[in-house]
Each structure stands twice: as structure tokens, then as C-alpha cells.
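Participant: Once you've had a glance at the structure underneath, I'll fire off some questions.
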Amino acid sequence: MSFDDQYPTLKPEHSGMLGKCPRCGSGKLFSGFLKVADKCDVCGLDYGFADAGDGPAFFAICIAVVPVVGFSVWMEVSVGAPYWLNALLTAPLLLLACLLPMRPLKGYLIASQYYFKAREGRLDDLKDDTIDPEVNRD
Ligand SMILES: [Zn+2]
């Protein structure tokens with residue numbers, strides 16, 4: 001029985017999106033708005049494995065751009081708003097639409113890393129007997 005078996009299996013959308021520890025579901029995942037804490041303050045899980053990379057920004061941009069650009073085009077075509085008014089309204093809206101989902105998305109991706117035991121590839125796999133490094137795979 002491993003240490004992780006002491007905790008219930010939590011789905012990433014139930015723990016990470018709420019900013020909770022992916023193992024115990026009680027501790028805080030973040031120590032700032034987007035800064036990941038060093039470890040869980042309840043169960044002690046080391047968050048050193050957590051690396052969401054550019055994933056949260058990519059998904060936030062994909063989610064935010066479509067409705068905000070649609071709003072901007074609607075203002076230009078239907079209302080005929082001047083460019084300065086369009087920029088004045090669209091820029092803060094785009095900023096908000098990108099920043100607000102960043103934390104839940106980052107938490108979800110980190111919790112998914114933990115849930116699926118995702119990690120970088122290792123060269124130790126070449127020691128596996130089923131893989132013959134002498135075989136030409138061209
Ligand atoms: Zn925890």
C-alpha cells in the first residue's frame with residue numbers, strides 16, 4: 001500500500017480547478033494568483049512535479065479570443081463605434097477574459113499531471129528488455 005492509497009482518488013476538475021491539492025483535496029495549491037506553493041499545507045505533497053508550462057495561457061487565449069473578437073466585430077459592424085471606443089472597451093475585456101480562467105486552468109492541468117502520473121520521458125526505458133536499441137527502425 002503506497003502513501004497515495006491513503007487518500008481518495010480525486011478528479012482533476014474537483015480539486016485542481018478549485019485550487020486544492022490534487023492528493024488530499026484540502027490543502028492550497030497556489031501561494032499567489034498563479035504561483036504554485038512548494039508543498040501542500042495539509043498532506044505535505046511536494047508540488048515539485050507541477051509544471052503546467054504554457055498550457056493555461058494557450059487554453060485561456062483560445063477560450064477568450066472568440067467571444068471578445070466577436071464582440072469587437074459586432075461593435076464595428078452593427079454599432080459603428082469609433083476605433084478608439086472599440087479599443088477602449090475590447091482591450092480590458094480581452095485582458096479579463098484571459099486572466100480570469102488562468103488559475104482554474106492551471107490548477108486543472110497540474111491536478112491532471114498528478115492524476116495521470118504524467119512526467120517527462122526518461123531514457124531509462126531503453127533498459128527494458130522488450131526494446132532492442134540495436135534494431136534499425138528506419
Ligand atoms: Zn494535500
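Participant: So Trp84 passes all but one of these: (1) within 16 Å of the ligand (Cβ to nearest atom); (2) free of Cβ contacts under 8 Å to residues at least 12 places away in the same chain. Which condition number does it fail?
Facilitator: Of everything listed in (1) within 16 Å of the ligand (Cβ to nearest atom); (2) free of Cβ contacts under 8 Å to residues at least 12 places away in the same chain, Trp84 misses just condition (1).
Participant: Give the residues of the stretch 1-36 that are free of Cβ contacts under 8 Å to residues at least 24 places away in the same chain, near the ligand (Cβ under 10 Å from one of its atoms) and in a loop (DSSP other than H, G, I, E, B), sorted by residue number.
Facilitator: Listed by number, the residues that qualify are Cys24, Gly25, Ser26, Gly27.
Participant: Now for a separate question. Could you tell me whether any residue of the stretch 57-69 is in contact (Cβ under 8 Å) with a residue 40 or more places away in the chain, within 19 Å of Arg119 (Cβ to Cβ) and more than 12 Å from the ligand (Cβ to nearest atom)? Explain how you work it out, then say what you get.
Facilitator: Step one: filter the stretch 57-69 for residues in contact (Cβ under 8 Å) with a residue 40 or more places away in the chain, giving 57, 59-60.
When the remaining residues are screened for being within 19 Å of Arg119 (Cβ to Cβ), the result is none.
No, the stretch 57-69 contains no residue that is in contact (Cβ under 8 Å) with a residue 40 or more places away in the chain, within 19 Å of Arg119 (Cβ to Cβ) and more than 12 Å from the ligand (Cβ to nearest atom).
Participant: Also, I was wondering about something else. Give me a count of the residues in the stretch 63-94 that are modelled with pLDDT of 90 or more and closer than 23 Å to Leu105 by Cα.
Facilitator: 9
Participant: Given (1) at negative phi; (2) touching a Ser or Thr at 6+ places or on another chain (Cβ under 7 Å), identify the lone condition not met by Gly25.
Facilitator: Of (1) at negative phi; (2) touching a Ser or Thr at 6+ places or on another chain (Cβ under 7 Å), only one is false for Gly25: (1).
Participant: If I filter the stretch 46-55 down to residues being in contact (Cβ under 8 Å) with a residue 40 or more places away in the chain and touching a strand residue (DSSP E or B) at 6+ places or on another chain (Cβ under 6 Å), which single residue comes out as nearest to the ligand (Cβ to nearest atom)?
Facilitator: Ranking the candidates gives Tyr47 first.
The values are calculated or read from the model by the stated rules, or taken from the named source; none is laboratory data. Small disclaimer: the values here were computed from a predicted structure and weren't measured. FYI the Cβ positions are ideal-geometry reconstructions off the backbone, even for glycines, and counts take in every protein chain you see.
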